[in-house]
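Read through the structure below, which is laid out as C-alpha cells, and then see the notes.
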Amino acid sequence: MSGIFGKAALAAAASVIVLRTGYLSILFLLPLGMLRFSSASASSASASSTSTSTSTSLASWLGCFFALAGNAAVSLVFYRSYGSYAVDPRLLLINGASFGVMTVLYTWIEAPLLFKRTPYAYRLALGGIAGALALMPLIAGLGESREFREYLGAVSPGLDLSPEELAAVFERVRYAALRGGLLCSCIVLFALSRYAASIIFRVMRRTRGGGIISFKNARFLVYVLSCSLGMVVAGKLAAREWVEIAGWNILVLCGILYLAQGGGIVLFFLAKLPPLPRIAVNIGLVLLLLTPPANAGALLVTALLGVAENWAPFRTPQQNGPPPTPKE
C-alpha cells in the first residue's frame, strides 16, 4: 500500500511540474498515464485480474487527488507573484478548474469507476465531450477578462496587438472552439497522453503492446455522421447557430472515431509487410504527417478509409489453402 501512495505522489508531483514547463505543459497528463501502466503491470505480476483492476484504479485516483491538491497549493502560493493573477481571481479559477477537469476525466478514461465495460475509444469520446462542455464557459470568461489581456501583453512583448485586434483574435478562437476545435483538442490531449505513456512504458520494460489495429466502430455511427452533415448545412441555411455548432461537434467526433478505425486498417496492412519495407513505409508516413498541408489530406483519406469499411471488409482474414470443395 505504501508503494501505491509513493508512486501516486511522485506522479502527481511530476504532473504539476510538467504543467509549468512552458512548451512541454501539454504533456502534464503523461505522468498520470505512466502511473496507470506501471500500477497495472506491478499488480498483474502477482495478483488476479480483479485485484489488478482494483489496485490500478486506486493508484490512478490517488494520483489524481494528489495532483489536484498539489496544483491548488502551487497556484495559491506562487501565482500571487504574477500581478494579473493576483488582480483577477478568475484566472486562478480557470487554471485550477481546467487542470482539475482534464485530470479527473483522464483518470476516469484510464481507470473508470463507472462504465467499466465501455470500450476505451468510446470512453475517450465521452471524456472529450465532457471536457469541451466544462471548459467552454471558462474559455469564454478568459476572453472577456481585461486583466488577462493585460497579462498576455506583459508576458508576450512581441505580441503587439490593439485591444480591438486582440478581441478579434479571441472571437476567432471562440468560433473554432465552438465548432469542434475544443472537442478535438480534448480528445487529442487524452489520446496523446495515453499513447505516449504506453510507448515510454513499453520501451522501458521492453515489452510489446496492442494498439488500434483491431478497432472498429459500430455500424450506426455512419448514420450519425450523415445526420451531423445535415445539421451543419441546415444550421447554415436557416441561420441557426446552435444547430450548426452541434452539427460540427458531432461531425468532428465521428471524424476522430473513423480516423482511429482508418488508422487500424493502415496498421493492419503494415503488419503484413516484411521488416525493412515496413520501416521504410513508417518513416514515410511520419514525414507525411509532419508536412502540411499534405498531412491534412492524409488524415482525411484515413478517416474516409474508416468510413468505407462499413461496406468493404478490409481486415477480413485471408483463408489459407484452396477454397473448400462444394458438396454435391
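Checked against the criterion of being at pLDDT 85 or above and either closer than 25 Å to residue 14 by Cα or assigned to a helix (DSSP H, G or I) (or both), segment 75-97 contains not a single residue that satisfies it. Taken together, 276, 183, 257, 270 contain a single residue that is over 28 Å from residue 316 (Cα atoms) and not β-branched (Val, Ile, Thr), which is 183. I'd like the full set of residues that are surrounded by fewer than 19 Cβ atoms within 10 Å (Cβ to Cβ) and without any contact (Cβ under 8 Å) to a residue 60 or more places away in the chain, limited to segment 233-258. Residues satisfying the conditions are 233, 234, 235, 236, 237, 238, 239, 240, 241, 242, 243, 246. Scanning segment 98-140 for residues that are buried (at least 19 other Cβ atoms within 10 Å of the Cβ), within 12 Å of the chain's Cα centre (by Cα) and among the aromatic types (Phe, Trp, Tyr) yields a single hit, 106. Residues of segment 207-227 include at least one that is under 20 Å from the mean Cα position of the chain (by Cα), of a type outside the set (Ser, Thr, Tyr), surrounded by 12 or more Cβ atoms within 10 Å (Cβ to Cβ) and over 22 Å from residue 186 (Cβ atoms). Here residue 264 qualifies as surrounded by 15 or more Cβ atoms within 10 Å (Cβ to Cβ), modelled with pLDDT under 90, touching a helix residue (DSSP H, G or I) at 6+ places or on another chain (Cβ under 9 Å) and closer than 14 Å to residue 215 by Cβ.
Do we find a residue being assigned to a helix (DSSP H, G or I) and at pLDDT 85 or above anywhere in segment 200-220? The answer is no; no qualifying residue exists. Going residue by residue through segment 151-167, is there one that turns out to be part of a helix (DSSP H, G or I) and at pLDDT 85 or above? Within segment 151-167, none of the residues are part of a helix (DSSP H, G or I) and at pLDDT 85 or above. Taken together, the criteria place residue 233 among residues that are over 20 Å from residue 129 (Cα atoms), among the aliphatic types (A, V, I, L, M), at pLDDT 90 or above and in a helix (DSSP H, G or I). A residue that is over 20 Å from the mean Cα position of the chain (by Cα), surrounded by fewer than 20 Cβ atoms within 10 Å (Cβ to Cβ), closer than 30 Å to residue 14 by Cβ and not hydroxyl-bearing (Ser, Thr, Tyr) occurs nowhere in segment 182-195. The residues in segment 56-75 that are under 21 Å from the mean Cα position of the chain (by Cα) and among the aromatic types (Phe, Trp, Tyr) can be counted, and the count is 2.
For residue 252, the conditions (1) modelled with pLDDT of 90 or more; (2) outside any helix (DSSP H, G or I) all hold with the exception of (2).
Restricting attention to segment 19-32, and to residues there that are modelled with pLDDT under 90 and in a helix (DSSP H, G or I), which single residue is surrounded by the fewest Cβ atoms within 10 Å (Cβ to Cβ)? Checked segment 19-32; the qualifying residue surrounded by the fewest Cβ atoms within 10 Å (Cβ to Cβ) is 23. What about residue 280, is it of a type in the set (Gly, Ala, Ser), outside any loop (DSSP other than H, G, I, E, B), over 29 Å from residue 175 (Cα atoms) and outside the structural domain of residue 181 (by TED's automatic domain parsing)? Here the answer is yes, as residue 280 does meet what is asked.
The values are calculated or read from the model by the stated rules, or taken from the named source; none is laboratory data. Keep in mind it's a predicted model, so treat the numbers as computed, not measured. With ideal geometry, Cβ positions are generated from the backbone for all residues, glycine too; neighbour counts draw on all protein chains shown.
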